[in-house]
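Asker: Take a look at this one; I'll ask things after.
The values are calculated or read from the model by the stated rules, or taken from the named source; none is laboratory data. Keep in mind the model is a prediction, meaning the values are calculated, not measured. Cβ coordinates were reconstructed from backbone atoms using ideal geometry, including for glycine residues, and neighbour counts include every protein chain displayed.
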Amino acid sequence: MKTVHGFHKMKRDGRKISMVTCYDYTSARIINASDIDAILVGDSVAMVMHGYETTVNATLDMIGTHVRAVKKGAPDKFIIADMPFLVHRKGLAEALHAVDVLIKAGAAAVKIEGARGHLDIIAHIVESGVPVMGHLGLTPQSIHQFGGHKVQAKSNAAVDKLMEDAQALQEAGIFAVVLELIPAAIAKQVTETLSIPTIGIGAGPHTSGQILVFQDLIGMDISFNPRFVRKYANTYDIIHKALNHYNEDVKKQLFPGKEESF
Ligand code: KIV
């Protein structure tokens, strides 16, 4: 899939969309060679690559740098970049500047969290020719307001608000929406109501597609085990063993051998 039309076609055809986050050139090369449909250079880069506690520390400069690296490694994939914390709340000029930077860095679309208070800005970005992905449910840039990573849309009022926001975003012109940490039945309802695809993370099996953080999917962090993550490999173990094996070989003077020497 190379375009937003690919997203729409997959929903129409009933084919599920697979997405992963990516932040670096080496991983991007692996993803580029895989069947994964699209890449998100998420603001989770602040946590996963830079060790911050939340995504609010992801700056435009940071995300732009990682988009450039990912684009070099995955030239064939559709790349979406996250708009950093508050940028789209600081007025149109600031939002458009961020979009300019991210698209020139190599993204084909931007993702913006939330809806209320910046629907006009989203509509303007879309009208300017830049595809926008929405993000509802648990929006991590508002983590301090949520008070933690809690499942959203549990009350009737919260479900109504989510449905209204999803509809409003679709009317503003977004091409797809991430639904994070909401009950599966609610994600199903949103997916059936909207004509655009929904991409779930912790939102059950009924969304049009799924997204996982690359490092979670390949099991790099043994201490991070939320219910919605499935680890498809245990790379923590593989890398840990490889490092200790190398260390042992160095100490025992088994590395480098003749074949690795000149
Ligand atoms: O930044 C990110 O990784 C995300 C995904 C969780 C959707 O926004």
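Asker: Select from region 146-165 the residues that are touching a residue at least 40 places away in the same chain (Cβ under 8 Å) and out of contact with any Lys or Arg (no Cβ under 9 Å at 6 or more places or on another chain) and list them in ascending order.
Answerer: Once the filter is applied, which keeps residues that are touching a residue at least 40 places away in the same chain (Cβ under 8 Å) and out of contact with any Lys or Arg (no Cβ under 9 Å at 6 or more places or on another chain), region 146-165 yields 149, 151.
Asker: Something else now. Return the pair list, or none, for Cβ contacts closer than 6 Å from residues in region 11-33 that are closer than 21 Å to residue 111 by Cβ to residues that are among the aromatic types (Phe, Trp, Tyr) and buried (at least 22 other Cβ atoms within 10 Å of the Cβ), at least 6 apart or on different chains.
Answerer: Matching pairs, first to second residue: 20/214; 21/214; 22/214; 27/214.
Asker: Scan region 5-16 and give yes if some residue there is assigned by TED's automatic domain parsing to the domain that holds residue 134, modelled with pLDDT of 95 or more and within 13 Å of the ligand (Cβ to nearest atom), otherwise no.
Answerer: No: region 5-16 contains no residue that is assigned by TED's automatic domain parsing to the domain that holds residue 134, modelled with pLDDT of 95 or more and within 13 Å of the ligand (Cβ to nearest atom).
Asker: From the list 209, 202, which one is at positive phi and under 17 Å from the mean Cα position of the chain (by Cα)?
Answerer: So the residue among 209, 202 that is at positive phi and under 17 Å from the mean Cα position of the chain (by Cα) is 202.
Asker: Here is a further query. Tell me which residues, restricted to region 54-93, are among the hydrophobic types (A, V, I, L, M, F, W, C), surrounded by fewer than 18 Cβ atoms within 10 Å (Cβ to Cβ) and either free of Cβ contacts under 8 Å to residues at least 24 places away in the same chain or not assigned by TED's automatic domain parsing to the domain that holds residue 178 (or both).
Answerer: Selection gives 93 alone.
Asker: Output the strands (runs of 3 or more DSSP E) that fall wholly within region 103-208 and possess 2 or more residues being over 20 Å from residue 58 (Cα atoms), or say none.
Answerer: 176-180, 198-201
Asker: Could I ask something else about it? Return the only residue of 92, 136 being of a type in the set (A, V, I, L, M, F, W, C) and within 17 Å of residue 19 (Cβ to Cβ).
Answerer: 136
Asker: Write out, first by first residue and then by second, each pair whose Cβ atoms fall under 7 Å of each other, whose residues are 6+ apart or on separate chains, and whose first residue, in region 35-52, is not assigned by TED's automatic domain parsing to the domain that holds residue 69 while the second is part of a loop (DSSP other than H, G, I, E, B).
Answerer: Nothing qualifies.
Asker: What are the residues in region 135-188 that are under 19 Å from residue 212 (Cα atoms) and among the basic types (Lys, Arg), if any?
Answerer: The answer is 150, 188.
Residues checked against (1) among the β-branched types (Val, Ile, Thr); (2) at pLDDT 95 or above; (3) surrounded by 24 or more Cβ atoms within 10 Å (Cβ to Cβ):
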| position | (1), (2), (3) |
| --- | --- |
| 108 | no, yes, no |
| 117 | no, yes, no |
| 121 | yes, yes, no |
| 145 | no, no, no |
| 151 | yes, yes, no |
| 164 | no, yes, no |
| 181 | no, yes, no |
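Asker: Which residue pairs have Cβ atoms under 6 Å apart, sit 6 or more places apart or on different chains, and have a first residue in region 214-233 that is without any contact (Cβ under 8 Å) to a residue 12 or more places away in the chain and a second that is exposed (fewer than 11 other Cβ atoms within 10 Å of the Cβ)?
Answerer: That search, which allows pairs on different chains as well, returns nothing.
Asker: Which number in (1) at negative phi; (2) surrounded by fewer than 19 Cβ atoms within 10 Å (Cβ to Cβ) marks the one condition that residue 51 misses?
Answerer: Just one mismatch for residue 51, condition (1).
Asker: Out of everything in region 167-221 that is more than 12 Å from the ligand (Cβ to nearest atom) and among the acidic types (Asp, Glu), what residue ends up being farthest from residue 1 (Cα to Cα)?
Answerer: 221
Asker: Let me ask something else about it. In region 19-54, what count of residues is obtained for those that are farther than 26 Å from residue 85 by Cα and among the aliphatic types (A, V, I, L, M)?
Answerer: Here the count works out to 4.
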